[in-house]
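Structure, as structure tokens:
The values are calculated or read from the model by the stated rules, or taken from the named source; none is laboratory data. Small disclaimer: the values here were computed from a predicted structure and weren't measured. Cβ: placed from backbone, ideal geometry, glycine included. Neighbour counts: every protein chain shown. To get the accessible areas, we keep the full protein, side chains included, count just its heavy atoms, and leave off ligands, DNA and RNA. Shrake-Rupley method; radii C 1.70, N 1.55, O 1.52, S 1.80 Å.
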Amino acid sequence: MSLANPAAAEIARAVATALGPEIRPDDLKVEAPPRPELGDFAVGMFAAARALRQPPPALAARVAAALPVGGVIARATATGPYVNLAIDRSWALRWLAGNDLVPTPGAGKVVCIDYSSPNISKHLAYHHIRSTMLGHALAELHRALGWTVIGINHVGDWGTTHGMLLAAYARWGHEESYQPLDVTALNALYVRYREAMKSEPALGDEARAWFKRLEDGDPDVRARWQRFRDVSMAEFEAVYQLLGVRFDHDLGESFYEDKMPEILGLLEARGLLEESEGATVVRLPDEKDPLLIKTRDGTTLYATRDLASALYRKRTWAFDRSLYVVDRGQSQHFRQVFKCLTLLGFDWASQCEHVPFGLVRFGGKKTSTRGAAGGFLLRDVFREAAEQVRPIIAEKNPDMDAATLERTAEWVGVGAVVFANVLPQRDKDVDFDWDRAMALSGDSGPYLQYTAARCSNLRRRAGAPPSQLATADWSRLTHDAEWAVARRLLDFGDHVARAAASCEPHLLAHYLLELAGDFSRWYTLGNDEPALRIVCDDPELRAARLALTELVRGALERGLGILGLRAPDQM
Ligand code: ARG
């Protein structure tokens, strides 16, 4: 547990003070004790014992006796080398009601996050969800911690494949089957050209010639390419909107075209460029393959543009961290790009991190969403998901109006698919299981959304005022099930901090499932025992319970928002 848990931080301060000036709070490890009867937190005396040259049990006894009771600490006892502590529940609840759950240690720091980054003239396929949503979550995690976040969509809009598209368009673009010119048409043109190249090798030269004209800035060619780009971006934008994803910058590979000469000059000046079979390469330490910088006919490559974009990002935003959320198939590429930056003398290369992730497979249910290019299109998967959950929501909420039903079905359908992709550990492959993802119970997005809606529903049914956090009498919440919920809420910031540091959004996803579980256990106690109902008869107790429910709703909504899911009020 890091000290992003406010109670743990207070305890570390108090214990350090009791130990004397040689020990700082950071030297102490505040942990969860192995059994809940022992208390809420445990602090081992091992490191302090070494520093102070005293046996750990003696130190533990001394600290337990010296700790001031009151404030955060309700009870301190020594058990062997540990000090076990119970924290004052009212203190914790007051803290939760009066503070932001997430600390802001990132204030003043900048992180660049390169994510989604699809290639134009192709649809967003199902697999694009992982980079898009992992990147979105990393952006929101850092933002919550106070970082300045620069989200970048590094769209693939440059290179010889775009020469093929231009050539294909020149040959067949007027044909009726390609009207209107949307992404489906563009993709079909591309596929047809690539097919034709197999029997007509001369088409390869033709495509290269078109790309050359584009690179040389021929205005007609440029305008045509721009149209392909605009058409593609508009379709991407529709999906991003559905997901609530927005970038700070759409800077495609083409943006770096005029920044390439500088990079080539720097490589040249350092004597790093070598010729290999007509191409220009950089040899790198401990790498079998060199990094390809220019092809035989002098065009720059994906890697060259990544060198230029890294430098551009450092100069423009002075990042402290620069993340590339790209599948693990590109691990070698990024390792090599970063090594090349190091050879160029850029010590900030160590601040660049590839954040790889595993593959997605669309197993389970057979769907009708196979797109023209043989893959599943993201927008079709979302549509089908919404269609599947709509009747369930309608049945549970017979009074819901049509517009709310439509919006809720969309949020839950999208949420189910998104959550199934952020829940597994990042580097694991995802086998998308349609039924599991859609379930209203179990480890699913809809379960979390349902729990959030249940919180709202309780408050609505009780006719509770908008917020009771300031007036609640927290001392009334004495049940262990209530404390389990509050205790969990204290950990929110800690999970956000660790998920951001390790680039593992699934840590937050798991945390939210545990929070929802704690809440459900508390909630269901009232099924058998009316006195334990949240909306109970005693008005003060009810107000305090509804205030805790409000805190849960807030935490779920915020956590879901970070992961890219909306929290409906009713479902
Ligand atoms: N467009 C690339 C692809 O679809 C991903 C780009 C990732 N970002 C980067 N800076 N290379 O594979």
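Holding the Cα-Cα limit at 23 Å, pick out from LYS109/LYS259; LYS314/LYS428; LYS109/LYS294; LYS212/LYS294; LYS259/LYS294; LYS259/LYS314 the pairs that are longer than that.
From the list (LYS109/LYS259; LYS314/LYS428; LYS109/LYS294; LYS212/LYS294; LYS259/LYS294; LYS259/LYS314), the Cα-Cα distance tops 23 Å for LYS109/LYS259; LYS314/LYS428; LYS109/LYS294.
Suppose a student asked you for the relative contact order of the stretch 129-216, using Cα pairs under 8 Å spaced at least 6 residues apart; what percent would you report?
Details: 54 pairs, mean separation 30.0, N = 88.
Worked out over the stretch 129-216, it gives 34 percent.
Please express the Cα-Cα pair-distance distribution P(r) of the chain as a list of whole percents, one per 20 Å bin, running from 0 to the bin with the greatest distance.
18, 43, 29, 10, 0
Using the crude model of +1 on Lys and Arg Cβ and -1 on Asp and Glu Cβ, and no other charge, please compute the dipole size for the stretch 464-531 relative to its Cα centre, in debye to 20.
Details: 5 positive and 10 negative charges, 33 e Å.
The dipole of the stretch 464-531 has a size of about 160 debye.
Taking the Cα centre of the chain as origin and charging only Cβ (+1 Lys, Arg; -1 Asp, Glu), how large is the dipole, in debye to the nearest 20?
Using Cβ point charges on Lys, Arg, Asp and Glu, the chain gives about 880 debye.
By how many degrees, between 0 and 90 and to the nearest 10, does the Cα long axis of helix 128-144 differ from the longest principal axis of the chain?
Value to nearest ten degrees: 50.
With every protein chain present, what is the per residue accessible area of the chain (1.4 Å probe, Å²)? Display every interim value, and only then the final one.
Details: 24850 Å² over 571 residues.
The answer is 44 Å² per residue.
Toward the positive end of the charge dipole of the chain, about the Cα centre and with charges on Cβ (Lys, Arg +1; Asp, Glu -1), which of ALA65, GLY135, VAL221 goes farthest?
ALA65
Averaging sequence separations of C-alpha pairs under 8 Å and six or more residues apart, then dividing by the length of the chain, give the relative contact order as a whole percent. Intermediate results must be reported in sequence, preceding the final value.
Details: 944 pairs, mean separation 85.2, N = 571.
Across the chain, relative contact order equals 15 percent.
Work from the charge dipole of the stretch 242-362 (Cβ charges, +1 for Lys and Arg, -1 for Asp and Glu, about the Cα centre) and give the residue of GLY345, GLY329, THR304 farthest towards its positive end.
Working it through, the farthest residue towards the positive pole turns out to be GLY329.
Could you calculate the FRET efficiency of ARG283 with ARG94 from 1/(1 + (r/R0)^6), where r is the beta carbon distance between them and R0 is 60 Å, rounded to 0.05?
0.45
Return the distance in nm (one decimal) between the two label points of a simple spin-label model at GLU274 and SER177, each offset 7 Å from Cα along Cα→Cβ.
Simple spin-label model gives 4.8 nm for this pair.
At R0 = 30 Å, how high is the FRET efficiency between ARG227 and ASP427 if r is their beta carbon distance? Nearest 0.05 is fine.
Working: r = 39 Å, r/R0 = 1.29.
FRET efficiency, ARG227 to ASP427: 0.20.
Quantify, in whole percent, the carbon and sulfur part of the accessible surface of the chain (1.4 Å probe; protein heavy atoms only). Can you show the working numbers first?
On the way: 12580 of 24850 Å².
Looking at the chain in its full context, I get 51 percent from C and S.
Summing -39500 (n - 2.57) over the DSSP H runs of n ≥ 4 in the chain and dividing by its residue number, what mean residue ellipticity at 222 nm do you reach, to the nearest 500 deg cm²/dmol?
Details: 20 runs with 298 residues, N = 571.
After summing the helix terms and dividing by the residues of the chain, the value is -17000 deg cm²/dmol.
Given the C-alpha centroids of the stretch 21-45 and the stretch 271-309, what is the distance between them in whole angstrom?
Taking the Cα centre of each part, the stretch 21-45 and the stretch 271-309 sit 53 Å apart.
Based on alpha-carbon centroids, what's the gap between the stretch 100-152 and the stretch 191-224 in Å, whole number please?
Cα centroid of the stretch 100-152 versus Cα centroid of the stretch 191-224: 34 Å apart.
Once a ≥ b ≥ c are taken as the square roots of the eigenvalues of the Cα gyration tensor of the stretch 327-476, is the result rounded (a/c under 1.5), prolate (a/b larger than b/c) or oblate (a/b not larger than b/c)?
Numbers: a/c = 3.11, a/b = 1.49, b/c = 2.09.
Oblate, because a/c is 1.5 or more while a/b does not exceed b/c.
Name the residues whose placed amide hydrogens come within less than 5 Å of the amide hydrogen of ASN119, ignoring near sequence neighbours (fewer than 5 apart) on the same chain.
The list, which skips near neighbours in sequence, is GLY156.
Say a site is exposed when it is one of the GluC sites (Glu not before Pro), sits in a DSSP loop, and has at most 13 other Cβ atoms within 10 Å; what is then the longest site-free stretch of the chain? Could the numbers behind the result be given before it?
On the way: sites that count: GLU22, GLU175, GLU277.
In the chain, the maximal stretch lacking such sites is 278-571.
Positive end of the dipole of the chain, charges at C-beta (+1 Lys, Arg; -1 Asp, Glu), about the Cα centre: which of VAL417, ALA567, ALA547 has its Cα farthest in that direction?
Most positive-ward Cα: ALA547.
Suppose R0 equals 45 Å; then what is the FRET efficiency for ALA196 and HIS333 from their Cβ-Cβ distance, rounded to the nearest 0.05? The partial results should precede the final answer.
Numbers: r = 29 Å, r/R0 = 0.65.
The computed FRET efficiency comes out at 0.95.
Can you list residues whose amide H is under 5 Å from VAL355's amide H, if they're 5+ apart or on another chain and H is modeled 1.01 Å from N?
Amide H to amide H, under 5 Å and 5 or more residues apart or across chains, VAL355 pairs with TYR324, VAL325, VAL326.
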